[in-house]
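The values are calculated or read from the model by the stated rules, or taken from the named source; none is laboratory data. Keep in mind the model is a prediction, meaning the values are calculated, not measured. For neighbour counting, all protein chains shown are included, and Cβ atoms are generated from backbone atoms with ideal geometry for every residue, glycine included.
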Amino acid sequence: MLGKLDWSAIPFDQPIPLIAGAVVLVGILAVLAWVVVKGHLPYLWHEWITSVDHKRIGVMYILLASVMLLRGGSDAIMMRIQQAVAYQSQGYLPPEHYNQIFSAHGTIMIFFVAMPFVIGLMNLIVPLQLGVRDVAFPTLNSVGFWLTATGALLVNLSLVIGEFARTGWLAFPPLSELSYSPGVGVDYYAWSLQISGVGTLVAGINLVTTVLKLRTKGMNYLRMPMFCWTTLASNLLIVAAFPILTATLAMLLLDRYLGFHFFTNEAGGNVMMFMNLIWAWGHPEVYILVLPAFGIFSEVVSTFSGKALFGYRSMVLATMAICVISFMVWLHHFFTMGAGPDVNAIFGIASMIIAIPTGVKIYNWLFTMYGGRIRFETPMLWSIGFMVTFIIGGLTGVLVAVPPADFILHNSMFLVAHFHNVIIGGVLFGAFAGFEYWFPKAFGFRLNDRWGKLAFWFTFLGFYVTFIPLYVAGMLGMTRRMQHYDVAAWRPWMLVAAVGMAVLTIGVICQIMQLVVSIRNREALRDHTGDPWDGRSLEWATSSPPPVFNFAFNPDVRGEDAYWDLKAHAKQQSLQHDAPEYHDIEMPRNSPTGFVCAFFATVMGFALIWHIWWMVILGGIGAFATFVVFAWRDHDEYVIPAEEVAAIDRVNLEERRSLVSMAGTV
Amino acid sequence: MSMTATAGRAHADPHHIGLVIEHPGPAPKRIVTAYGFWVFLLSDIVMFSCFFAAYAVLADQTAGGPKGSEIFEQRNVAIETVCLLLSSFTCGMASIAADVRNRLWFYLGMAVTCLLGLIFLVIEFREFADLVARGYGPSRSAFLTAFFSLVGCHGLHVSAGILWLLTMMAQVFAKGFRADVLRRMMCFALFWHALDIVWVGVFSVVYLLGSGV
């Protein structure tokens, strides 16, 4: 009846996951109770859960990423403490638990923090920067978000029902095969990634189509803001790479569920094929994450230097070059696995070549700052912190791209330090820069400056104190993923790293404090202009938060830095018209399709993990029925009448005119 | 919104020299939908290419089990191929019928497409069932694993296509040739033709190359 599921699935003998699970459960129930008692449920349902507005979906993506960041961060804290205390002892985490923690940490941080954070920012900002009213497929957008949330839910469910994978975040076979991992851990891993992977693919298709087919009048390719370009590159990579992940995990699942022999040791299976396939997805994946961050830094550096981006075209070229070359370097993840010197040399050189366009970008940012009037606001601090940190991470990356060096450093703590150096220093700093930069656009008030800067400095310092020691430990021969060790020379570095983790944690607390303080003082921090940073692209040409239709008129773009141009030529532009003629606007209707579909996906995923076959069929039928009901509806759009558009827009215009008259002289 | 591109001198854009074609603005819905679906199809083909790659890697790993030439039956494959290629033609007929709003020809075209697809599936299913019965199931060897997965993945796509086809017919029956229904019909046709192209790959890589050795 319930497949493999019974009471033994709940780890009564392990207090840590049980207590953690109980705390989270109580937290969720408390929030739910508060929402219901306060009567916010209808608001939540109509304005957020069923919303197909790209801005709302973007905010929900970022919210999901932030919550998951706390979960992944807790895992990181536990690992750092374990390695600090487990010198010549077992520490406090038994091996099978420790292995689950590092697997969950990697999986969550990549798939449920970094991915939703950057996809959320792209969702939120790209349609605004392109001057359009929504993404290409609004309902599909909602489906994509909710499927991502399903994946996150399943991963967290494994905390208290069953177990998570003990195989590392990429579940290499043969360890991940049924004979070596007979539990449900790998199944939790694979099914949650399959489901959220569909969500990511949907988001990728949506954003590619949006950038290529929905741009406002005059928004030629070479007038798009840099963030739109990096979004295009990143989503092209999603469309080309995520199907590889889907296929690879499907093969692994076929091995596990139906006794196939893709990656098994026996009957001719080929383990190296898994390595090649997973990294053919995995390497583009890191560029999927970091390219949008590059776009964010481009916007931030240009805005806070008060200058147009230096070398815009070389930046476009560098972005697209990275997009292509990122598919040609995957083998550097397993130089040591016997590909031979010729192949290794080719991939080593390709890996070094990809540093060139990245270097072009760094110089472009530096030259953008050169001679600019730089304002050291919080987003700018994150950007400068990024440049310093990312260069160090990039250099150690070029180092491990040299095959002979990689033979020494492969799977050592040096590698761990390297990829945290680029992912935290690149993606996470970028996500935070974008968060601070665009928060006023999304919510209509700025974030508290003091707490923001504190958060930056603690995170920045905490990062170095945590990860530089890991480089050293790696040089001293420490391999990654060690539950305990006996080498005295490593111990001090592990202790320093644990201190660094504490500093990082203070950074996270400052970030939370910043939100709390800012929300409390939101009236004082309110942004009436729609353009709090003196920005340069179209998202700043509308109010904060933007009306549901984004722009009352489709903006007409006449050059790069569209809004800057708009401000400079304000007299000819719509802002200056006294009584513009408004028209009715058609917007897509809300739809619960995404939420309902994700509900059935959750049921189906859970049932697949536990081999509850009747429930799988039920979930499948439910998901199909949801789509049919959606396809059957008669009205998929509603009309905002011209008077309402006019009323909303007039208020916005009044507030922003004063700003334009000041800035128009620039 | 106007779809005509206007040529003009770029204003306030110091990087441009000479004439610039001004982007005309957002594309109409039909274009956007079809474009997005094309992008999806490309991603789907990337997924198929992984199974093709796996097949190419594992084709010789028979682990003492049968080779391709010992189990492939050319006659069945020929019938399957004819069915699928013909179904592409009838699907095209249904698309044209939808464009000219002719219900009779639409239903007829779709019904024949469905029938041909079902024949294809039945033959494939019998081939699979026969192999399993002889002990040559997918767990026998890595070659059979890759074979069942690649061909089965295509078969699953055809099954999903038939489900979509029936839903499409029901929708035209209930809603008529509405603009959104026509857009979906266009996507369905793209999907069905893409499956044909993938089958040509399967036919060549699996059955033609496999039968020779």
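Observations, loosely collected:
- In the condition set (1) farther than 15 Å from A:Ile244 by Cα; (2) within 14 Å of another protein chain (Cβ to nearest Cβ), A:Asn276 is compliant with all but (1).
- The listed residue being in contact with a Leu (Cβ under 9 Å, 6 or more places away or on another chain) and small (Gly, Ala, Ser), out of A:Ala339, A:Ala250, A:Ala318: A:Ala339
Here is a yes/no grid of residues against (1) within 12 Å of another protein chain (Cβ to nearest Cβ); (2) not charged (D, E, K, R); (3) not in a helix (DSSP H, G or I):
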position	(1), (2), (3)
B:Leu121	no, yes, no
B:Glu127	no, no, no
B:Trp164	yes, yes, no
B:Ala174	yes, yes, no
B:Asp180	yes, no, no
B:Leu195	no, yes, no
B:Val200	no, yes, no
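- The sole residue among A:Val36, A:Val24 that is in a helix (DSSP H, G or I), over 28 Å from the mean Cα position of the chain (by Cα) and surrounded by 11 or more Cβ atoms within 10 Å (Cβ to Cβ) is A:Val36.
- Hits in the range A:35-62 - residues which are without any contact (Cβ under 8 Å) to a residue 24 or more places away in the chain and closer than 21 Å to A:Phe112 by Cα: A:Trp48, A:Arg56
- Evaluation of A:Phe260 against (1) part of a loop (DSSP other than H, G, I, E, B); (2) surrounded by fewer than 24 Cβ atoms within 10 Å (Cβ to Cβ) (one fails), failing number: (2)
- Filtered residue count, the range A:226-269, keeping only those that are more than 7 Å from every other protein chain (Cβ to nearest Cβ) and small (Gly, Ala, Ser): 4
- Among residues of the range B:21-57 being more than 24 Å from the chain's Cα centre (by Cα) and either assigned to a loop (DSSP other than H, G, I, E, B) or more than 7 Å from every other protein chain (Cβ to nearest Cβ) (or both), the one that is farthest from B:Arg183 (Cα to Cα) is B:Ile21.
- Residue in the range A:217-225 that is assigned to a helix (DSSP H, G or I), within 24 Å of B:Leu42 (Cβ to Cβ) and away from chain B (no Cβ under 11 Å) present: no
Each row is one residue, and each column tells you yes or no for (1) in the same structural domain as A:Trp365 (by TED's automatic domain parsing); (2) under 22 Å from A:Phe419 (Cβ atoms); (3) under 22 Å from the mean Cα position of the chain (by Cα); (4) among the hydrophobic types (A, V, I, L, M, F, W, C).
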residue	(1), (2), (3), (4)
A:Arg223	no, no, no, no
A:Leu232	no, no, yes, yes
A:Ile238	no, yes, yes, yes
A:Gly282	no, yes, yes, no
A:Glu299	yes, no, yes, no
A:Gly306	yes, no, no, no
A:Arg313	yes, no, no, no
A:Met320	yes, no, yes, yes
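- Of all residue pairs spaced 6 or more apart or on separate chains, none has beta-carbon atoms under 8 Å together with a first member in the range A:482-495 that is in the same structural domain as A:Gln88 (by TED's automatic domain parsing) and a second member that is hydrophobic (A, V, I, L, M, F, W, C) and modelled with pLDDT of 95 or more.
- Candidate set: the range B:129-146, residues that are surrounded by fewer than 23 Cβ atoms within 10 Å (Cβ to Cβ) and not in a loop (DSSP other than H, G, I, E, B); chosen: the one farthest from the other protein chains (Cβ to nearest Cβ): B:Asp130
- One residue stands out among those in the range A:178-212 that are over 24 Å from the mean Cα position of the chain (by Cα) and within 14 Å of chain B (Cβ to nearest Cβ): the one that is surrounded by the fewest Cβ atoms within 10 Å (Cβ to Cβ), which is A:Ser179.
- Matching entry among A:Phe460, A:Phe445 (being buried (at least 19 other Cβ atoms within 10 Å of the Cβ) and touching a Lys or Arg at 6+ places or on another chain (Cβ under 7 Å)): A:Phe445
- Comparison of B:Asp99, B:Asp60 shows that the only residue that is surrounded by fewer than 19 Cβ atoms within 10 Å (Cβ to Cβ), charged (D, E, K, R), within 13 Å of chain A (Cβ to nearest Cβ) and in contact (Cβ under 8 Å) with a residue 24 or more places away in the chain is B:Asp60.
- Qualifying residue in the range A:269-276 (condition: more than 22 Å from the chain's Cα centre (by Cα), free of Cβ contacts under 8 Å to residues at least 12 places away in the same chain and either outside the structural domain of A:Phe386 (by TED's automatic domain parsing) or buried (at least 19 other Cβ atoms within 10 Å of the Cβ) (or both)): yes
- Screening A:Asp134, A:Asp187 for residues that are of a type in the set (D, E, K, R) and assigned to a helix (DSSP H, G or I) leaves exactly one candidate, A:Asp187.
- Test set (1) exposed (fewer than 14 other Cβ atoms within 10 Å of the Cβ); (2) touching a Pro at 6+ places or on another chain (Cβ under 8 Å) - A:Leu29 fails condition number: (2)
- Residue, farthest from A:Gly452 (Cα to Cα), within the range A:487-507, restricted to residues that are of a type in the set (Val, Ile, Thr) and modelled with pLDDT of 95 or more: A:Val496
- Cβ separations smaller than 6 Å between residues 6+ apart or across chains give the following pairs from the range B:104-122 residues that are farther than 20 Å from B:Arg184 by Cα to residues that are of a type in the set (S, T, N, Q) and assigned to a helix (DSSP H, G or I): B:Leu116/B:Ser87.
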